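Reading through the structure tokens given below for one structure.
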Amino acid sequence: MPAADITIQALRKVYYKDRIEIPVLNGLSLDIAAGDFVALMGPSGSGKSTLLHLIGGLDSPTGGSVRVGEARLETMNEAQRTAWRSRHVGFIFQMYHLVPVLTAAQNVELPLLLFHMSSSERKQRVETALTVVGLKDRMDHRPNQLSGGQEQRVAIARAIVTDPDVILADEPTGDLDATTSEEILNLLNLLNSEFAKTILMVTHDPRAAGHASRTMHLDKGVLERTEANASRPRSAAAPARA
């Protein structure tokens with residue numbers, strides 16, 4: 001599946017608490033080219049996660065437009081966004097959200113259960129995804145038998161098993177030590193460079209942001225500036241594909 005570009009124009013998101021209007025995004029516009037890897041930084045409450053949720057179809061905008069590939073999310077209802085999201089977006093979160101009683105393979109397989117697909121095809125896709133993240137030998141392990149970095153790798157395998165256009169990562173290294181964080185970031189570089197995935201990553205860590213091709217800074221719902229990351233590190237060699 002090819003990567004998708006992202007185009008946002010005059011995006012607004014307002015929440016309400018006790019009839020009080022709480023603006024989060026104020027007329028934000030940005031463009032992310034297909035196959036780009038962008039880091040999104042800014043203080044807490046600046047609207048970073050809200051923006052990620054709007055791009056991923058987890059929420060609907062108050063105003064403006066969100067286009068991902070050919071999809072115009074502002075025109076979709078919740079059911080349409082859910083169906084689109086299951087096919088086109090992979091999410092990676094700070095907390096891994098793995099099901100404790102399921103094996104790594106079973107956790108990765110979960111998104112595929114939404115599709116009409118044979119068990120043999122699901123098995124092949126799961127094996128391929130776990131091979132890409134370097135955990136083919138941990139397929140039968142449950143989360144409590146894995147390290148934090150391995151759990152995040154399983155979560156990444158789950159995010160890519162449907163071959164999404166876009167990967168949205170919300171603080172994917174926030175709960176990991178420096179060495180493990182570097183391994184996860186190298187894996188994201190691999191997904192971007194070798195598999196041409198469009199990636200938008202929210203992070204507070206400038207070192208993590210340095211792995212992206214450019215960094216966008218958001219503050220109080222407004223895009224302040226964008227910086228190119230000329231010293232972006234090369235990703236580690238890819239594990240053998242299944």
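The values are calculated or read from the model by the stated rules, or taken from the named source; none is laboratory data. Note that the structure is a prediction, hence the values are computed from the model and not measured. A quick note on method: Cβ atoms are made from the backbone with ideal geometry, for glycine too, and the neighbour counts reach across all protein chains shown.
Can you tell me which residues in region 21-54 are within 13 Å of the chain's Cα centre (by Cα) and assigned to a strand (DSSP E or B)?
Listed by number, the residues that qualify are PHE37, VAL38, ALA39, LEU40.
Being modelled with pLDDT under 95 and of a type in the set (Lys, Arg) is the filter here; which residues of region 19-68 pass it?
Once the filter is applied, which keeps residues that are modelled with pLDDT under 95 and of a type in the set (Lys, Arg), region 19-68 yields ARG19, LYS48.
Over 23 Å from ALA33 (Cβ atoms), modelled with pLDDT under 95 and touching a helix residue (DSSP H, G or I) at 6+ places or on another chain (Cβ under 8 Å): which single residue out of ASP175, ASP165 fits that description?
The unique qualifying residue is ASP175.
Filter region 90-119 for residues that are in contact (Cβ under 8 Å) with a residue 40 or more places away in the chain and assigned to a helix (DSSP H, G or I); which is surrounded by the fewest Cβ atoms within 10 Å (Cβ to Cβ)?
LEU110
Do the conditions hold for GLY174, that is, is it under 21 Å from LEU51 (Cα atoms) and surrounded by fewer than 19 Cβ atoms within 10 Å (Cβ to Cβ)?
yes
Filter region 12-28 down to the residues that are aliphatic (A, V, I, L, M) and under 14 Å from PRO61 (Cα atoms), then identify the one that is surrounded by the fewest Cβ atoms within 10 Å (Cβ to Cβ). Don't jump to the end; show me each part of the working.
First, the residues of region 12-28 that are aliphatic (A, V, I, L, M): 14, 20, 22, 24-25, 28.
Pick out the ones that are also under 14 Å from PRO61 (Cα atoms) and you get 14, 22, 24-25, 28.
On the way: VAL14: 14, ILE22: 9, VAL24: 20, LEU25: 25, LEU28: 22.
So the residue we want is ILE22.
Residues to consider are SER49, SER86, SER60; find the one that is among the polar types (S, T, N, Q) and in contact with a strand residue (DSSP E or B) (Cβ under 7 Å, 6 or more places away or on another chain).
Exactly one residue qualifies, and that residue is SER49.
Please find, among ILE160, ILE184, the residue that is surrounded by 20 or more Cβ atoms within 10 Å (Cβ to Cβ), of a type outside the set (S, T, N, Q), closer than 25 Å to VAL101 by Cα and out of contact with any strand residue (DSSP E or B) (no Cβ under 7 Å at 6 or more places or on another chain).
Within the list ILE160, ILE184, the selection yields ILE184.
How many residues are of a type outside the set (A, V, I, L, M, F, W, C), more than 19 Å from ALA129 (Cα to Cα) and either at pLDDT below 90 or touching a helix residue (DSSP H, G or I) at 6+ places or on another chain (Cβ under 7 Å) (or both) when one looks only at region 182-212?
Final tally of qualifying residues: 2.
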